[in-house]
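Presented below is the structure to which this report refers.
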Amino acid sequence: MDEELIANFVSAYLKKKGFKETEQAFQEELRQNKTNSSSPSSFIDVDVAKHLLSFSEAENIPAKYLEGYSKLRSWAYNSLDLYKHELLRVLYPVFIHCFMDLVAKGHIQEARTFFNRFREDHEMMHLRDIQKLEGVLSPSHLEEMEFAHSLRQGKVNIKICQYSYEMLLQYLHKTQTTVILGIINERINFQVFPGQPSSISDDAELVTLTGSTQDTANQINKKEVHWGLLEDSLEERLEKAAGLLSDSEKAEGETKDGDVDENKKRTAEGGKQGGSIKKVKKDKTASATGKTLRAEANSASMAPRVKPELALPIISTEVEESILEDLRNRVQLSSVALPSVSFYTFINTHNGLNCSSISYDGALVAGGFSDSSLKVWDMAKLGQQAGNTVLQDENDMSTSDPVTGHTSGKRPYTLFQGHSGPVHSATFSPIGDFVLSSSADTTIRLWSTKLNANLVCYKGHNYPVWDVQFSPVGHYFASCSHDRTARIWSMDRIQPLRIMAGHLSDVDCVQWHANCNYIATGSSDKTVRLWDVQSGECVRIFIGHRSMILSLAMSPDGRFMASGDEDGTIMMWDLSTGRCVTPLIGHTSCVWTLAFSCEGSLLASGSADCTVKLWDVTSSTKPPRTDENKTGTPNRLRSLKTLPTKSTPVYSLRFSRRNLLFAAGALSKNASTA
């Protein structure tokens with residue numbers, strides 16, 4: 001056994017790791033051993049010497065990394081199911097450090113081969129990290145790139161039960177893969193605990209889904225999803241009624257046209273004739289509206305009909321008439337007929353505004369603040385008090401009291417107080433008579449906009465509640481939280497009806513399907529999930545985002561879903577297949593809000609980059625033509641228009657039933673001014 005070779009390797013290793021005092025002590029011990037008369041053979045144990053020499057040899061053989069990791073991966077995936085998810089947590093840190101060690105030793109080509117072979121295992125949970133490491137092409141990059149440098153300097157903490165830890169040690173001892181053993185010793189700090197293995201949802205940053213990620217999603221995505229609209233829904237009945245009413249109006253309009261022709265013959269006064277012509281134009285407009293509504297009814301009838309899984313609330317005749325009026329006056333939007341946009345701007349918020357919400361008719365605007373307050377503005381009253389029209393350009397709504405230009409001593413908003421932590425989300429009921437708010441205090445509160453009072457406090461989540469959304473029919477609502485769950489509630493019960501658990505990190509946003517039989521959730525684990533509200537079962541997993549999901553929107557026909565993430569990417573999904581139809585690239589920062597137009601032809605997106613973008617949905621959801629594929633043109637969603645604000649990140653969007661687009665945000669001094 002070459003004692004000097006071993007000593008040199010140990011000394012070099014200690015020096016490399018920065019253990020100066022240990023190295024000095026080791027050198028001193030070597031000198032003492034040389035001066036002593038004792039036999040050199042007693043200097044080191046034979047078994048230890050073999051391990052050290054094999055480790056030093058393996059340090060310079062790239063194939064050892066590939067072989068060692070492959071064996072560890074195969075062993076972990078073939079372990080008992082009870083312990084598999086814990087053992088799989090070891091793979092990611094071993095993978096990245098094998099790659100970086102190969103790069104550090106100058107084996108660039110072998111490092112790329114290793115990286116590309118195993119990267120798919122970790123792309124779901126660590127896609128952003130994988131993309132960063134993809135740019136490491138030389139040893140100097142490991143020092144220059146802050147992310148890689150921090151990885152090599154620190155350790156990864158992994159929770160693991162005692163039995164899993166002992167199985168791992170037995171495997172490493174049996175295989176004697178010294179490269180992997182060295183990485184695990186240097187780079188991983190095990191937090192061993194007695195008893196049963198932890199849940200797969202614990203420590204989301206260290207969890208890898210068992211098996212292939214895409215295969216797991218594909219298995220779940222085979223489940224049947226009934227994405228159609230509700231049978232005999234209110235809107236369907238009202239659209240049919242509106243269509244019939246429009247037919248009668250058209251006949252009445254034709255009669256009036258004949259009367260006008262008679263008036264032209266009998267009347268010689270220009271003023272009266274002009275008045276008659278205006279009347280004719282108005283009647284023609286009403287007729288065109290009727291045609292539009294019939295077209296929408298036809299497109300809606302193409303969607304399949306499903307039965308409701310929840311007991312639907314009864315809607316009063318007065319509300320039905322109000323919705324009917326909105327439907328009759330709905331504007332048909334398309335790529336050549338873009339919506340009118342009304343933008344509400346909060347000023348003087350002092351960075352205290354966390355969220356905003358707009359009622360279905362745009363009459364009420366709510367803001368949730370860091371001081372635990374919820375404030376609701378009535379646009380009609382604000383316009384009267386300010387002495388001018390409200391829906392012009394970006395309207396100023398001050399959170400200070402009084403508002404600039406406000407003459408009365410009263411507050412221009414209704415103040416709702418009750419939460420004991422920052423308010424993170426607010427949502428209006430479809431009629432606008434209630435508003436829900438969720439808070440960091442783990443509660444959800446129901447407020448009456450008629451009584452200006454808190455009615456119920458819902459408790460169930462264990463951590464801050466990031467989002468809450470009323471269902472399209474009211475009465476029911478969904479919430480999501482830092483506790484990695486989403487919950488279904490009804491207004492008349494203080495306990496949740498369903499709990500949806502499965503995400504591996506915070507559930508950041510939630511959205512109802514148009515038929516109320518499903519909810520979608522977006523998470524910091526970079527996935528979107530679709531849940532059946534009756535069974536609480538996950539029926540779809542949508543994989544493709546590279547960062548946390550911040551916003552969701554469902555198409556009116558219930559077939560498509562849009563999701564926006566922290567990087568500014570929006571993805572359009574087909575719920576029936578679980579596949580991405582097309583990505584929407586254009587925003588340069590977080591997409592905080594999404595909204596479909598009422599007929600589903602347009603998608604509006606609002607971002608922290610201070611813009612609202614309008615996208616043509618109809619062109620993207622059509623199957624691609626063969627001639628387009630030949631030219632290599634991707635079937636991507638077409639951006640129709642970008643609407644920049646002066647310096648206002650867009651917090652919320654809402655298409656009213658009449659297809660007017662409302663938007664809201666807080667004026668930001670940090671954002672770049674136009």
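The values are calculated or read from the model by the stated rules, or taken from the named source; none is laboratory data. Only a predicted model underlies this, so the values are computations on that prediction, with no experimental measurement involved. Positions of Cβ are generated from backbone atoms using ideal geometry, with glycine treated the same way; all protein chains shown enter the neighbour counts. Heads up: the accessible areas ignore ligands, DNA and RNA and are worked out on the full protein's heavy atoms, side chains in. Shrake-Rupley method; radii C 1.70, N 1.55, O 1.52, S 1.80 Å.
Summary table below
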{"read-out": "Rule-of-thumb Rg ratio for the range 479-599 [Cα; 2.2 N^0.38 Å; N residues]", "value": "1.00"}
{"read-out": "Of K375/K459; K132/K526; K381/K450; K155/K526; K223/K307, those spanning more than 20 Å from alpha-carbon to alpha-carbon", "value": "K375/K459; K155/K526"}
{"read-out": "Packing-based ranking, highest mean first, of 473-483, 640-650 given that Cβ atoms within 10 Å are counted", "value": "473-483, 640-650"}
{"read-out": "Förster radius 35 Å - calculated FRET efficiency between L80 and K155 (Cβ-Cβ, nearest 0.05)", "value": "0.85"}
{"read-out": "Segments 453-462, 559-568, 368-377, 306-315 sorted - mean Cβ within 10 Å per residue, highest first", "value": "559-568, 368-377, 453-462, 306-315"}
{"read-out": "Extended-chain gain in nm, criterion 0.36 nm per residue less alpha-carbon gap, I585 and T642", "value": "19.3 nm"}
{"read-out": "Alpha-carbon Rg/Rh ratio, for the range 61-195, with Rh computed the Kirkwood way", "value": "0.95"}
{"read-out": "Alpha carbon convex hull of the range 494-558, volume per residue in cubic angstrom", "value": "96"}
{"read-out": "Protection proxy ranking of 161-168, 425-432 - average other beta-carbon atoms within 10 Å, highest first", "value": "425-432, 161-168"}
{"read-out": "Environment charge at P464 (Cβ cut-off 15 Å; Lys +1, Arg +1, Asp -1, Glu -1)", "value": "-1"}
{"read-out": "Distance in nm between pseudo-label sites at L451 and F147 (7 Å out along the Cβ direction from Cα)", "value": "5.2"}
{"read-out": "Förster radius 30 Å - calculated FRET efficiency between S334 and L312, Cβ distance, rounded to 0.05", "value": "0.45"}
{"read-out": "Accessible area expressed per residue, the range 61-195, with surrounding protein chains retained (probe 1.4 Å, Å²)", "value": "47"}
